[in-house]
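**Student:** Dropping the structure in here first, questions after.
The values are calculated or read from the model by the stated rules, or taken from the named source; none is laboratory data. If you're wondering where the values come from, they're calculated on a predicted model, not measured in any experiment. Cβ placement follows ideal geometry from the backbone for every residue including glycine, while neighbour counts extend to all protein chains displayed. Calculation scope for accessible area: heavy atoms of the full protein, side chains included, ligands and nucleic acids excluded. Shrake-Rupley method; radii C 1.70, N 1.55, O 1.52, S 1.80 Å.
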Amino acid sequence: MKAPNNFKLILGLASLLGLFLLAPTEAQAKTRKVYGMELPPYAKELSKGRYASHTTFDKTIDYFKKQRSFRKKKVKWLKPVTLMGVKYIHVRNLDRKSKWSGMNIYELKGRKVRFYVMPRHKKGS
């Protein structure tokens, strides 16, 4: 007995759906880190430790505030500063065992948002 043409179409669609469901999601994708700090999935590396955000200043800050390693006891958020059209905020890492000591998030004129993760220097270096 020959299978109807619709059956082949349905089988093909079901196969595609299965592949789609098995593909890794954003949460399952390998997490990128710099100096042990988790990076936003949308961050584009410009140089070692320096990234373009591709979202707003406030959304970039919100992303980091939601991360486990950015809870109040582990980091200190300094007050944001706006000077000559540049918004800036510094985050200080209070965990002396971590590999990063701080991060600057800034929005340049022209609406470009960047962040820079500073490595922790070992004592005596």
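**Student:** Residue separation times 0.36 nm, minus the C-alpha to C-alpha distance between residue 111 and residue 31: what's the value?
**Tutor:** Gain in length upon complete extension: 26.2 nm.
**Student:** In addition: Tell me whether the stretch 40-125 comes out rounded, prolate or oblate; compute the Cα gyration tensor, take square roots of the eigenvalues as a ≥ b ≥ c, and use a/c under 1.5 as the rounded threshold.
**Tutor:** Values: a/c = 1.63, a/b = 1.50, b/c = 1.08.
Here the stretch 40-125 falls in the prolate category.
**Student:** Same structure again: Got a sec? What order do 60, 82 fall in by accessible area at 1.4 Å, biggest, i.e. largest, first?
**Tutor:** From most exposed to least exposed: 82, 60.
**Student:** Is the C-alpha gyration tensor of the stretch 81-125 telling us rounded, prolate or oblate? Criteria: a/c under 1.5 is rounded; beyond that, a/b larger than b/c is prolate, otherwise oblate. All intermediate terms of the calculation are to be shown ahead of the outcome.
**Tutor:** Details: a/c = 3.19, a/b = 2.92, b/c = 1.09.
The shape class here is prolate.
**Student:** Trypsin sites (Lys or Arg not before Pro) within the stretch 39-84: which are DSSP loop residues with at most 16 other Cβ atoms inside 10 Å?
**Tutor:** On the way: sites: 44, 48, 50, 59, 65, 66, 68, 71, 72, 73, 74, 76; in loops: 48, 71, 72, 73, 74.
Listed in order of number, the matching sites are 48, 71, 72, 73, 74.
**Student:** Between residue 65 and residue 77, what length in nm is gained on full extension when 0.36 nm per residue of separation is reduced by their alpha carbon distance?
**Tutor:** 3.4 nm
**Student:** Out of residues 5 or more away from residue 118 or on other chains, whose amide H comes under 5 Å of its own, with H placed 1.01 Å from N in the peptide plane?
**Tutor:** Excluding prolines and chain starts, which carry no amide H, the hits are 101, 102, 103, 104.
**Student:** Then there's this: When the Karplus curve 6.51 cos²θ - 1.76 cosθ + 1.60 is applied with θ = phi - 60°, which whole-Hz ³J(HN,Hα) does each residue of the stretch 53-66 get, with x for Gly and Pro?
**Tutor:** In residue order, the calculated couplings are 8, 6, 8, 6, 4, 5, 5, 5, 4, 4, 4, 5, 5, 7 Hz.
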